[in-house]
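The values are calculated or read from the model by the stated rules, or taken from the named source; none is laboratory data. Fair warning: this is a prediction, and the values are worked out from it, not measured in the lab. In this analysis, Cβ positions are derived from the backbone assuming ideal geometry, glycine residues included, and neighbour counts consider all displayed protein chains.
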Amino acid sequence: MRRWISARSTSRVGAALAASATLVALSSVGTPASGSEDPVDGRVHLNLSGSALMLQGLASAGALGGGAIDNKTCTSSGTPSADIDLSCDDPISPEDETPIVVDPANPDHLLAGSNDYHLTFKGSTLQARIPTGFFVSFDGGATWTDGQIPMGSGAGGGNGDPSPAFNRKFGTAHMAQLNASCTSVGNTGNCGSLSVSVATSRDGGRTWAQPVTVAQGRGSITPSPNAVFNDKEWLTADNDPGSPFYGRMYLTWSRFALDRGAYVESPIYLSTSDDGGRSWTAGRPISGSNPAVCTFQTSGPAGVCDEDQFSVPVVLPDGTVAVHFQNNQHQAAWETPDEAESTIMVVRSTDGGATWSAPVPVADLEDGGIDNGNAGADYPINVDGRATQTGHQFRTQSVQGMTADPVTGRLYVFWTDNRDGVRDTAEPVTHTNVFVATSADRGATWSAPIRVTSGPADKWMPWAAAHDGKLAVGYMDGTADYPTRDTYGFTIATSTDDGATWSYQSASTAQSDPDHSLWFRAGVAGCVECSRFIGDYNGLAMDSQGRVHATWADQRRVATVAALDRTGTPGDVYYARR
């Protein structure tokens with residue numbers, strides 16, 4: 001869910017940019033100065049990912065720093081048919097955003113990622129370093145190595161938004177990530193130069209080379225002239241030996257452009273690599289134009305679909321590439337002015353990314369609005385001004401992604417929204433459910449939304465995977481705790497008839513408690529210890545044997561930080577195989 005901000009209020013711009021998921025050992029986060037801003041007639045869309053906003057919040061609170069990461073690894077093991085805590089490297093620091101992929105040449109070879117916070121204290125002062133974490137297994141998920149992708153030493157850097165991929169042609173493993181250059185001095189700080197890079201491993205994910213920068217950002221998150229933030233990247237590879245583009249890797253991201261603090265555009269960009277990640281092409285926009293759908297325009301030519309976020313590329317068996325993304329320009333879907341519900345769109349390329357189709361709309365979502373007089377809201381708003389689930393404070397995402405069946409070539413888009421809840425009102429109540437849409441013609445046309453879940457209890461942050469006609473969707477599930485709305489589990493829904501019928505099984509063996517968090521505390525009345533951030537996405541993958549591999553941000557384990565005299569759930573990465 002994105003946050004829309006009135007362009008006529010510079011203070012709202014500053015507040016939104018400071019709406020970070022900061023580690024609240026430091027009780028508050030300063031709001032960056034908004035600076036001057038050119039007026040824009042309309043809405044301003046600054047939907048930076050949770051990782052980017054988190055880094056900005058830590059910098060503003062003076063918490064980033066603490067020296068180099070030692071890059072030591074540790075090992076976890078357990079029973080995949082139950083679940084396994086993979087976060088063995090630090091007993092108190094949180095981890096979140098947990099994608100997972102399976103090696104197409106070896107169904108027992110798994111690779112996952114995370115935002116891997118490393119917290120230390122200098123006296124009573126908290127310091128944080130945030131590399132991208134990795135988890136690798138060579139035995140089908142029974143044993144895991146936990147480590148970090150290399151990052152620079154000294155104070156000031158941070159990574160996030162991990163996206164792993166295997167390249168079958170080159171026998172390599174890769175991890176795309178967001179990078180930020182941050183400064184923290186006292187209780188002030190800022191992040192800028194938001195860039196995208198890809199690290200490569202040539203031993204299956206055991207050790208990693210220094211990341212290669214693919215797209216370099218400029219300017220800072222606090223308003224600066226002509227800033228460019230490269231955000232929310234995703235990586236995939238063409239792993240079909242019969243494809244004319246076998247071995248090509250595709251990396252997409254959102255390129256946010258600002259002019260003196262005012263939002264200009266955020267089209268989806270693409271870069272490719274044909275040499276196993278050693279070099280990458282210059283990024284270029286691929287989100288295209290659709291005048292019938294992209295009717296609202298903050299700036300630039302009419303009909304251009306350039307107010308986008310959360311892209312996910314996938315490759316079909318014949319080498320066709322499809323890219324899913326969220327768009328916020330379809331005014332006909334807004335029940336009230338400025339409500340700005342998301343529209344899911346897909347673009348396609350049949351020539352290895354050289355040319356692209358016009359974007360095709362898949363579904364309009366019920367996930368819009370802000371708390372002002374011009375628009376009804378579909379989700380409650382948390383302490384940071386972000387969408388959340390009823391009873392909680394963590395930011396939540398309605399738009400998720402897309403997966404391709406590598407055997408049948410069928411495409412599946414998946415999401416949650418609040419069409420079943422109390423919406424388009426100043427006091428929304430979530431009853432969010434999971435939906436998919438499917439395409440049998442390489443993304444040219446799409447089915448109507450197919451319901452995966454039903455009922456009033458919230459389900460959110462889905463991820464899907466498919467193989468040889470079997471489709472699985474994993475999601476955070478508040479059913480066991482409804483109507484209390486304090487905890488969640490992780491559930492996997494499976495269908496073998498393209499969503500006509502579903503079976504359900506739990507992946508988590510215990511409930512997570514984000515409302516008694518050790519970190520990211522909201523500090524608001526009635527929800528003082530509620531977490532403000534549990535990541536923007538989970539992970540799900542399916543191997544060639546039809547086994548489903550799930551990873552998610554789990555909040556069951558309780559820990560104490562003596563330096564703060566505080567106890568709560570720190571947040572770990574959990575894995576299960578079903």
Filter segment 537-554 down to residues that are in a loop (DSSP other than H, G, I, E, B) and in contact with a Phe, Trp or Tyr (Cβ under 8 Å, 6 or more places away or on another chain) and give me whichever is surrounded by the fewest Cβ atoms within 10 Å (Cβ to Cβ).
TYR537
Determine if segment 273-280 includes at least one residue that is under 24 Å from GLY242 (Cα atoms), part of a strand (DSSP E or B) and of a type outside the set (A, V, I, L, M, F, W, C).
yes
I need the full set of residues from segment 492-505 which are over 22 Å from the mean Cα position of the chain (by Cα), buried (at least 18 other Cβ atoms within 10 Å of the Cβ) and in a strand (DSSP E or B), in order please.
THR494, SER495
If I ask for residues that are surrounded by fewer than 17 Cβ atoms within 10 Å (Cβ to Cβ), of a type outside the set (A, V, I, L, M) and over 23 Å from the mean Cα position of the chain (by Cα), which ones from segment 275-296 would you list?
ASP275, ARG278, SER279, THR281, SER289, PRO291, THR295
Hey, does segment 521-529 have a residue that's crowded, with 23+ Cβ neighbours inside 10 Å, outside any loop (DSSP other than H, G, I, E, B) and not polar (S, T, N, Q)?
yes
Test of understanding: among VAL422, VAL436, which residue is assigned by the TED database to the domain that holds CYS530, under 18 Å from GLY474 (Cβ atoms), aliphatic (A, V, I, L, M) and in contact with a strand residue (DSSP E or B) (Cβ under 6 Å, 6 or more places away or on another chain)?
VAL436
Give the residue that is farthest from ARG577 (Cα to Cα), with candidates limited to residues of segment 74-92 that are touching an Asp or Glu at 6+ places or on another chain (Cβ under 7 Å) and in a loop (DSSP other than H, G, I, E, B).
ASP89
Look through segment 226-247, keep the residues that are under 23 Å from the mean Cα position of the chain (by Cα) and assigned to a loop (DSSP other than H, G, I, E, B), and return whichever of them is surrounded by the most Cβ atoms within 10 Å (Cβ to Cβ).
ASP238
Hey, does segment 334-341 have a residue that's under 19 Å from the mean Cα position of the chain (by Cα), surrounded by 22 or more Cβ atoms within 10 Å (Cβ to Cβ) and closer than 17 Å to PHE414 by Cα?
yes
Count, please, the residues in segment 41-100 that happen to be surrounded by fewer than 17 Cβ atoms within 10 Å (Cβ to Cβ), of a type in the set (D, E, K, R) and modelled with pLDDT under 65.
1
Kindly indicate the residue of segment 354-376 that is of a type in the set (A, V, I, L, M, F, W, C) and either modelled with pLDDT of 90 or more or not assigned by the TED database to the domain that holds GLY401 (or both) and also farthest from the chain's Cα centre (by Cα) among those meeting that condition.
ALA354
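Checking the conditions here, which among SER508, SER454 is modelled with pLDDT of 95 or more, closer than 29 Å to LEU86 by Cα and outside any strand (DSSP E or B)?
SER508
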For segment 457-491, name all the residues that are in contact (Cβ under 8 Å) with a residue 24 or more places away in the chain, surrounded by fewer than 22 Cβ atoms within 10 Å (Cβ to Cβ) and in a strand (DSSP E or B).
LYS470
Checking HIS330 against (1) on the phi < 0 side of the Ramachandran plot; (2) modelled with pLDDT under 95, only one condition comes out false. Which one?
(2)
Return yes or no: is ASP318 surrounded by fewer than 19 Cβ atoms within 10 Å (Cβ to Cβ), within 23 Å of THR403 (Cα to Cα) and either assigned by the TED database to the domain that holds THR252 or within 25 Å of the chain's Cα centre (by Cα) (or both)?
yes
Where residues in segment 106-137 are of a type in the set (D, E, K, R) and surrounded by fewer than 24 Cβ atoms within 10 Å (Cβ to Cβ), which of them is modelled with the lowest pLDDT?
LYS122
Identify the single condition in (1) part of a loop (DSSP other than H, G, I, E, B); (2) in contact (Cβ under 8 Å) with a residue 60 or more places away in the chain; (3) among the aliphatic types (A, V, I, L, M) that ALA302 does not satisfy, given that it satisfies every other one.
(2)
Segment 471-492: number of residues that are in contact with a helix residue (DSSP H, G or I) (Cβ under 7 Å, 6 or more places away or on another chain) and hydrophobic (A, V, I, L, M, F, W, C)
0
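Yes/no per residue for (1) surrounded by fewer than 24 Cβ atoms within 10 Å (Cβ to Cβ); (2) closer than 23 Å to ASP554 by Cα; (3) aromatic (Phe, Trp, Tyr):
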site: ILE381; (1), (2), (3): yes, yes, no
site: ARG386; (1), (2), (3): no, yes, no
site: GLN393; (1), (2), (3): no, yes, no
site: SER398; (1), (2), (3): no, yes, no
site: THR403; (1), (2), (3): no, no, no
site: TYR412; (1), (2), (3): no, no, yes
site: THR416; (1), (2), (3): no, yes, no
